[in-house]
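Below you'll find the structure, written out as C-alpha cells, and then a few comments.
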Amino acid sequence: MQNYHEEEILGKAYDARLMKRLIKYLYPYKKYVITSFILLIIISGLKLVGPYLVKIAIDDYIMAKDYDGLVMIAILFFAMLVLQFVVRYAQTYMMQLTGQMANYKMRMEIFSHLQKQPLGFFDRNPVGRLMTRMTNDVQVLNELFATGVVTIFGDVFTLIGIVIAMFSIDWRLALVTFVSLPLLAIATAIFRKKVRESYRIVRLRIAKVNAFLQEHITGMKIIQLFTREKEIFDKFNENNKLLRDIHIKSVFYYAVFFPTVELIGAISLALIIYYGGSRVLAGTISFGVLVAFIQYAEMFYAPIRNLSEKYNILQAAMASSERIFKLLDTEPRIINPPDGIKLDKLKGEIEFKNVWFAYEDENYVLKDISFKVAPGEKVAFVGATGAGKTSIINLLFRFYEFQKGEILIDGHDIRRLDMHSLRRQLGLVLQDVFIFSGNVADNISLGEKMDIAEIRKASRRVNADKFIEKMENDYEADLQEGGANISIGQKQLLSFARALAFNPSVLVLDEATSSVDTETEMLIQDALKKMLEGRTSLIIAHRLSTIRDVDRIIVMHHGEIREVGNHDQLMKKKGIYYRLYQLQFKKEEAKVG
Amino acid sequence: MNKNNGLKDIFYNYLKRYKWHWIIGFLTLACATGLTVLMPLVLRNAVNKLEFGGSPSQLLTDAFYIVGISLSAGIFRFFALVIVTIASRKIEYDLHSDFFEHIEKLGRKFFDKSNVGDLVSRGSNDVEAVQQMHCPGFYSLLYSMFIIPLAVVLMFRVDPTLTLYSMIPMPFLALAVYLLGKYVYGRYHKIQVQLGKLSASVQENLWAIRVVKAFDQGENQIRRFEAINNDYVRKYMNMVRLWALFYPVIYMIAGLMMLVVLLIGGARVINDEITLGTFVAFVAYLVMLVWPMAGLGWVLGMIQRGFASYARLKEIFDIEPEISSLTETQAKTRFKGDIEFKNVSFAYYNSPVLEDISFKVKPGQKVAVVGATGSGKSTLVSLIPRLYEVTGGSIFIDGKDINSLDMETLRSNIGTVPQDVYLFSRTVGENIAFGCESKPSPAEIKTAAKVADLLKDIEKFPEQFNTLVGEKGVTLSGGQKQRTSIARAIIKKPPILIFDDAFSSVDTDTERHILNGLHEIIENCTVFVISHRVSTFQNADLILVLDEGKLVEQGNHETLLAQGGVYANIYKRQQLTEELEKI
C-alpha cells in the first residue's frame, strides 16, 4: 500500500498531466489493457497460491503422513505452474503489443504533424533534433508502456495480495512481520531521492560525453590541422572523468540500499522465526503457517529491490514525453483553410498586391511587392543574391505566410485556397535537385500513382529518356542516396521530368547555376523551352537564353521591384537591369555569338 | 584464432590494470556469499527445534543469527559491489580515453571512409556494453559461480538424494535462458536494422521537405512511412513472441524444482528420512538458487555482447595511424616558407589523383591553384600539412623533406582554411583562439577577426566575442562561418597559409580585402589559394593549372594568358561564372 502511494506521489511530482496524456494513447487498446490488467491480477494471485499450497502440504499431509494427499497437492501445484506460465506469457505479449501500438500511433502522429508544418518550422528545428524525437524519445516511452508502468502495477497487486494473505492466515504474525516496514519506507525514500538526483546528473554527463565525441570526431580535421590534439584530449577526459565519478558516486546508493533492504527483510524473517516459532511451540499456529510466512516475506521484498530501475524508466519517460508533446503542440503557423476553395485547373493568373514579407520580426525581405502575371505569360525575375526572388516562390507555394498585402490566384485570395489543390497546380523546379532513395520512376512520380507510360512521356519530353534508358534497368534503376550515381545535369533533367509528370498549370523555375557539360547544357536548354510552352511561368533566371525568351522581366533589388519590362525596353532604360546585364551577360553573349 | 587471441589480449590488458580491485572484489563477494548460504541452515536449525521441542529463547538466538548474518553479508556485499563497479567504471574511462586518443592519431584516409555516427556509437554504446559486461556482468557471474556450488554442496550434505532430484531442472533453466537470449538477440538485431530504415526515411523526408511540400506529397509520404512503421512493429512483435517466454520459463522451471522438493521431500519427511527443518531449508535454498541460475544465462548474453563490442573497438584500435611521425617534439622552428614539390604523385586507394607535380615557391609568394572540379586542387594543398601522405616524390619546406619534420612543428607553421567550414560549439572568440597553441590575448583575437573582416559582425552579436556559436547560441551565416574559420587560421600568424576554396561564401571585395590584409599582420607569408575568382588568381605570383591530376601549366597571369591554353580557357569561363553569380 505504502509503495503504491509513493509511486503515485512520484508521478505527480513529475507530472500527472503528462501521464494522463500518455495514457490517452492506450485508449484505443482499452481491451488489451484491461485484459492485461486482469491477467496481472491473476498472476499476483497465483504467486500467492504457491506458498499456500506448501502450507497445506505441510500441515494437512506431511504432518499427517498422508502421501496420497501430498500427491494431490503436487498435481494442484503443477496445474498452478502451467496456468501461471500461460497467463504470464499472454500478459507480457499483450502489454508489449499495446506498447508497440501506442508507439506506432505516436510515430504516425509526429510524422503527420511534421508534414503539416510550414517551412519556417524546419528552419527553427534542425533535422537532428526532430530525428531524436522520432526515434530515441519514442523508444523511451516504449519502455514505459511495455514494462515500466505495468510492472509497477503488478508489484502493487502482489504486495497487496501478500498483505491480505498474511493477515488472513494470522493477523498477529502479520503485524509482527510488518513491524520493520517503516524502516523500509524511510530507506526507500532516502534512496529514491538520492538516485533521482544522481540519475539526472548521470544522464546529463553521458549526453555530454557523447556530444563531445560527436562534435570532435566530426571536427577532427580541424583539430589535427591546428595540432590541438592534446588540448582536446584533455578536455574530453575532463568530461570522461566527471562521468566516471558520478557513476562511482551513484553506485554507493545502490550498494547501501540493496543490503539494507535485505537486512530489513532479515529482521522480518528473524521476527517470524522468534515470534512465530514461539507460537508454534505454544501450539497457537501450525507449522505450515510459519513456512508460508517465511516464503511470503521473501516475496514481499523482491519487488522493492527493482524499484530503482523502474524509477529511472519513469523519470526518462517523463522527460521524453514532455519533449514529444511540446513538438506536437506546435501549431502549424500556416493552416490549410478548412473549407478552402479547390481549383481543379488554374487559368494561371497570378497577382501580388502590396505584399510585405519577413522571415522573422521586421526584417522585410519583400517590401510592397505588386505585379500581375497573365495566364500563359512567362515572367523572369532578375536581381542579385538576396534581392528577394526566392521569397516570391516561397509565398506562392505558401511555404511561408506573408505579413501584409494580398496574393491572388485566378482572382482568389491565396489564403482562401485549399493548399493541396493549389500546390498540385504549381510545378516547382529547384536548383538543388533532391533525389529520393528508390528507382528512377519513383523519383519522377514521387510515389504518386502514375502510369509508366506517363513517366516515359514526361522524360522523353525533357530529354531525360536518353540517359535513363542507358542505365541498367532504365526506369527501374536504383538511384543512390543523393543521386551519387548520376551527374548534376542528369539530376536537373530528372527534376524537369518530375515537374512535367505532374502536369502543372503554372511552372516555377529556379534555374540552376551549376555548370554542366555542353551536351547536357543543350539538352537542358531544349527541355526548358518545351516545359515553358503554353504555361504561365515564373523563372528565376540565370541564363541569357532564358531571359531573352520571356515576355517580361521583373528586376528586383533589396526586396523591391525596381524595373519591369522586356529585355529591349529595360536595356534602353539603362537602369539596374542594364548594369546587371553589362556585368553578367555581355561575356556570355560574346561567347554565344 | 589469431583474431580471438587479440581479443583476449585487449580484454586482459584492461582487466589486469585493476587486478587488485578484482581480487578484493572477488574475496569480499566470496565472504558475502559464504555468509548468505548459511541462512537456510539457521532456518533448518530453528525449525528442527520447533519439531523436536525447544524454547523461545533458543529461537531468539537463531533470530539474532539471521540478522547478524544478513548484516555482515550486507557489509561485504557493499564493498564487493562498490569495488567491482569502480573497476568497471575505470575500465570504461580508460576505453573512452584510449579510443579518443587513438582516433586523434588517425589520418584523413580513415575519416574519409568512416561514418561519424558509427564512430560515436563505438565510442559510447560499445564502451558501455563492455562496462556492462564487467559490472553487473562479471559481478553477477562471480556471485552465481560462488553461490551455486556452495549451496549445492551444503544441500548435498543435508540430503544428497533430495539434492539430486531437485537439481534435475536446473541445467534446463540455464540452457533455456541462454538459448532464449541468443535467439532474442538475433531478432533484436533485425529490429535495429528496421529502426535504421525508419530513421532514414524520416531523415530523407525532412531533408526533402521543400520538394515534398511543393509536389503536395505529404499524404504519400505518410503512407510510405506507415508501411515502414508497420514493418517495424511487426518485427518488434516477432521478437516479443520469443522474449515474452523469458520470465514464464524461469518461473516454470523454478516452480518445477519446488514441485520436486514438495513431492519427494514431503515423502521423505513422511517416511521419517529427513526432518521438517531440512525440508524447509531445501525450500529456502531453492529460492536462493533460482535467480543466480537464471542470471547465469542473462550474464552469458551480456558477456557475449561485451566481447562483440570489444571486437568493434579493437577494429579501431588495430588501425595503425597512417602518418606515423608523431615523434618527440623537436625544437619548434619557424619556417621561412620556401616550398618545393619534386615529382610529387598521390594515389588514393590505388587510383592516381596527382601525377608528377613539380614546382617551387619562394617565401612570401602568393600561389593560386586553378583547375576544374576534381582536378586535384584540394588534394594538392592538403599534402603540405600532411593530411595525406605522398605516394611518390617529395615535398620540401625550407629545403627539408616534410616527412622528416616533426608533425607538430610542420602543422603549427601552416594555417589552413579548409573548404568545409567546421566550427565548434564554443564562443566565437574561442573558435578563433583555437588556431593558437598558447592562449592568445583578446587583442590578438580582435586583430585576427579584423583581418578576416569579421569584427564588424562580431560587434553586432549580443555578447561580442563571448557569443556562443551553433545550436545553443547564434546561428552564423555561411559567410560569417567562413570568416571565423579564416580568423582561426591567421591568428597564429603562420609563415604558410592555405585557403582551400575558402571564400565561396564571401563576396569578391571581401575576398580581395582579406587577402590584401594578410601581409599587414604576417610578414612575408607564403599563401596558397584555391579560388574561382578572377581577381584572386590573376594577381598571384604563381598560378598552378591542374587538369585531371596533372600540372599542365604554371606561371603568372600574363604569361599563361598569352599561352592561350587551359588557363586562358579557365580564365574566360571563370570570369563568366563569376559575373553570373553576382545576380
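The values are calculated or read from the model by the stated rules, or taken from the named source; none is laboratory data. Treat the numbers as computed from the prediction; the structure is a model and nothing was measured. Virtual Cβ from ideal backbone geometry, glycine too; neighbours counted across all protein chains shown. Remember, those area values only see protein heavy atoms, side chains included, never the ligands or the DNA or RNA. Shrake-Rupley method; radii C 1.70, N 1.55, O 1.52, S 1.80 Å.
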Quiz item: Which residues, taken from the range A:100-109, are crowded, with 18+ Cβ neighbours inside 10 Å and more than 9 Å from chain B (Cβ to nearest Cβ)?
Solution: A:ALA102, A:MET106
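Just to check your reading of the model, which residue among B:GLU355, B:GLU328, B:GLU322 is at pLDDT 85 or above, at negative phi and acidic (Asp, Glu)?
On the way: B:GLU328 fails: at pLDDT 85 or above; B:GLU322 fails: at pLDDT 85 or above.
Sole residue among the options that is at pLDDT 85 or above, at negative phi and acidic (Asp, Glu): B:GLU355.
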Practice problem: From B:SER88, B:SER97, grab the single residue that is open to solvent by less than 30 Å² (accessible area, probe 1.4 Å), in a helix (DSSP H, G or I) and either in contact with a His (Cβ under 9 Å, 6 or more places away or on another chain) or within 25 Å of A:GLU262 (Cβ to Cβ) (or both). | Solution: B:SER88
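Can you find even one residue in the range A:403-412 that is modelled with pLDDT of 85 or more, open to solvent by less than 10 Å² (accessible area, probe 1.4 Å) and more than 22 Å from B:GLN221 (Cα to Cα)? Break it down stepwise before answering.
Filtering the range A:403-412 down to residues modelled with pLDDT of 85 or more leaves A:403-412.
Pick out the ones that are also open to solvent by less than 10 Å² (accessible area, probe 1.4 Å) and you get A:407, A:409.
Filter once more, keeping what is more than 22 Å from B:GLN221 (Cα to Cα): A:407, A:409.
There is at least one residue in the range A:403-412 that is modelled with pLDDT of 85 or more, open to solvent by less than 10 Å² (accessible area, probe 1.4 Å) and more than 22 Å from B:GLN221 (Cα to Cα).
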Quiz item: Any chance the range A:250-264 includes a residue that's buried (at least 20 other Cβ atoms within 10 Å of the Cβ), more than 10 Å from chain B (Cβ to nearest Cβ), over 37 Å from the mean Cα position of the chain (by Cα) and among the hydrophobic types (A, V, I, L, M, F, W, C)?
Solution: no
Practice problem: Examine the range A:208-219 for a residue that is more than 10 Å from every other protein chain (Cβ to nearest Cβ), more than 30 Å from A:LEU181 (Cβ to Cβ) and assigned to a helix (DSSP H, G or I), and state whether such a residue exists. | Solution: yes
Exercise. Inspect the range A:279-291 for any residue being of a type in the set (S, T, N, Q), under 21 Å from A:LEU173 (Cα atoms) and either surrounded by fewer than 20 Cβ atoms within 10 Å (Cβ to Cβ) or in contact with a Leu (Cβ under 8 Å, 6 or more places away or on another chain) (or both) and give the result as yes or no.
Key: yes
Practice problem: May I ask you to verify whether A:LYS326 is among the basic types (Lys, Arg), open to solvent by 50 Å² or more (accessible area, probe 1.4 Å) and under 30 Å from A:MET106 (Cβ atoms)? | Solution: yes
Quiz prompt | Qualifying strands (runs of 3 or more DSSP E) (wholly inside the range B:301-417; at least 1 residues being surrounded by fewer than 20 Cβ atoms within 10 Å (Cβ to Cβ)) | solution = B:339-348, B:351-361, B:392-397
Quiz prompt | Conditions (1) at the interface with another protein chain (Cβ under 9 Å from one of its Cβ atoms); (2) out of contact with any helix residue (DSSP H, G or I) (no Cβ under 8 Å at 6 or more places or on another chain): number failed by B:GLU101 | solution = (2)
Quiz item: Scanning the range A:332-371 for residues that are open to solvent by 100 Å² or more (accessible area, probe 1.4 Å) and over 24 Å from B:THR475 (Cα atoms), which turns out farthest from the chain's Cα centre (by Cα)?
Solution: A:LYS347
Quiz item: Scanning for something charged (D, E, K, R), open to solvent by 10 Å² or more (accessible area, probe 1.4 Å), in a helix (DSSP H, G or I) and modelled with pLDDT of 90 or more, does the range B:100-108 turn up at least one residue?
Solution: no
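With the condition being within 30 Å of A:ILE294 (Cβ to Cβ) and in contact (Cβ under 8 Å) with a residue 24 or more places away in the chain, I'd like the helices (runs of 4 or more DSSP H) fully within the range B:190-280 carrying at least 2 qualifying residues.
Working: elements: B:209-214, B:218-243, B:246-260, B:266-270.
Hits in the range B:190-280: B:246-260.
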Practice problem: Output the residues belonging to the range A:267-295 that are aliphatic (A, V, I, L, M), in a helix (DSSP H, G or I) and more than 10 Å from every other protein chain (Cβ to nearest Cβ). | Solution: A:VAL289, A:ALA292
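Can you find a residue that is loosely packed, with under 15 Cβ neighbours inside 10 Å and out of contact with any strand residue (DSSP E or B) (no Cβ under 7 Å at 6 or more places or on another chain) anywhere in the range B:42-51? It would help to see each step written out before you state the result.
First, the residues of the range B:42-51 that are loosely packed, with under 15 Cβ neighbours inside 10 Å: none.
Scanning the range B:42-51, I find no residue that is loosely packed, with under 15 Cβ neighbours inside 10 Å and out of contact with any strand residue (DSSP E or B) (no Cβ under 7 Å at 6 or more places or on another chain), so the answer is no.
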